[in-house]
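Any read-out appearing in this document is the output of simple, stated calculations on the displayed coordinates, not a laboratory observation. Only a predicted model underlies this, so the values are computations on that prediction, with no experimental measurement involved. Methodologically, a virtual Cβ is constructed for each residue, glycine included, from the backbone with ideal geometry; neighbour enumeration extends over all protein chains shown.
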Amino acid sequence: MVTVFTCQGQDIPLKYKPSQRAKRLSLRLSPKDVSLVLTVPPRVSSSQITAFLKRCTPWVENQLRKVAKTISIKPGEKVSLHGTMFECRVDPLRRKPSLCQATHTLHLPPRCGQKDLYDVFKKMAIKILTPYVEKAAIALGQRIEKVTIRDTKSRWGSCSTSKTISLSWRLILAPPEVAHYVCIHEAAHLLHMNHSRAFWKVVGELCPGYKSCQKWLKAHGPSLMRV
């Protein structure tokens, strides 16, 4: 089997993921290491895989363009964090980035990796988003086992059957009301692990303007996921 997928003159690592539960071939691009993951159901031949990958070429090209547009936060730029605009400035005395709420400044060390920034944003997300989820859970008479903040680029949040709610730290890049809506959305799954009418009724009761938040995420969410 081939282990690379050549597209636009670029050799992309191709990883195979056999699955007994899968009913069809599926392909996804991992943006972190720019590799492709091919889910392979039982009894699929090499010729079928080859034909499938060939059909996926336009899709892969489009995904590569999105990855190429990844946005980095740099000195001199401004970034909105939970509705407040912070100016990014280099501080030669710092070894790690830090936020100054008083001056609305994001201080960056001379050499600042994106991971260091993510750590700062995750801490901010934990402080801001956790109370949103807890308040919604109390309103619903539900108990949360744990709230986790993750570096996800495919979804804004999730709720497991074990009552663990996971949220993307990138929600702090969205307006406060949008972040609040996502937290309510996931908390509502404590009652309904689906998107039934009963689920949306619960969401609507706690967040009457949720449809406008959905529209905002649809329009602006993809750009936030590229940060």
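Here is how the numbers come out for the structure above:
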| read-out | value |
| --- | --- |
| Residue pairs meeting the criteria (Cβ under 7 Å; at least 6 apart or on separate chains; first of a type in the set (A, V, I, L, M), in segment 104-125; second part of a helix (DSSP H, G or I) and buried (at least 19 other Cβ atoms within 10 Å of the Cβ)) | M124/I172; A125/W169; A125/L171; A125/I172 |
| Subset of segment 78-137 (residues that are buried (at least 18 other Cβ atoms within 10 Å of the Cβ) and of a type in the set (G, A, S)) | A125, A136, A137 |
| Every residue from segment 189-211 that is without any contact (Cβ under 8 Å) to a residue 24 or more places away in the chain, surrounded by 15 or more Cβ atoms within 10 Å (Cβ to Cβ) and under 18 Å from V178 (Cβ atoms) | W200, V203 |
| Residue in segment 152-162 that is within 30 Å of S98 (Cβ to Cβ) and among the aromatic types (F, W, Y) present | yes |
| Scope segment 213-227; condition assigned to a loop (DSSP other than H, G, I, E, B) and not aliphatic (A, V, I, L, M); matching residues | R226 |
| Selection from segment 94-146 of residues that are of a type in the set (S, T, N, Q), over 17 Å from the mean Cα position of the chain (by Cα) and closer than 16 Å to I172 by Cα | S98, Q101, T105 |
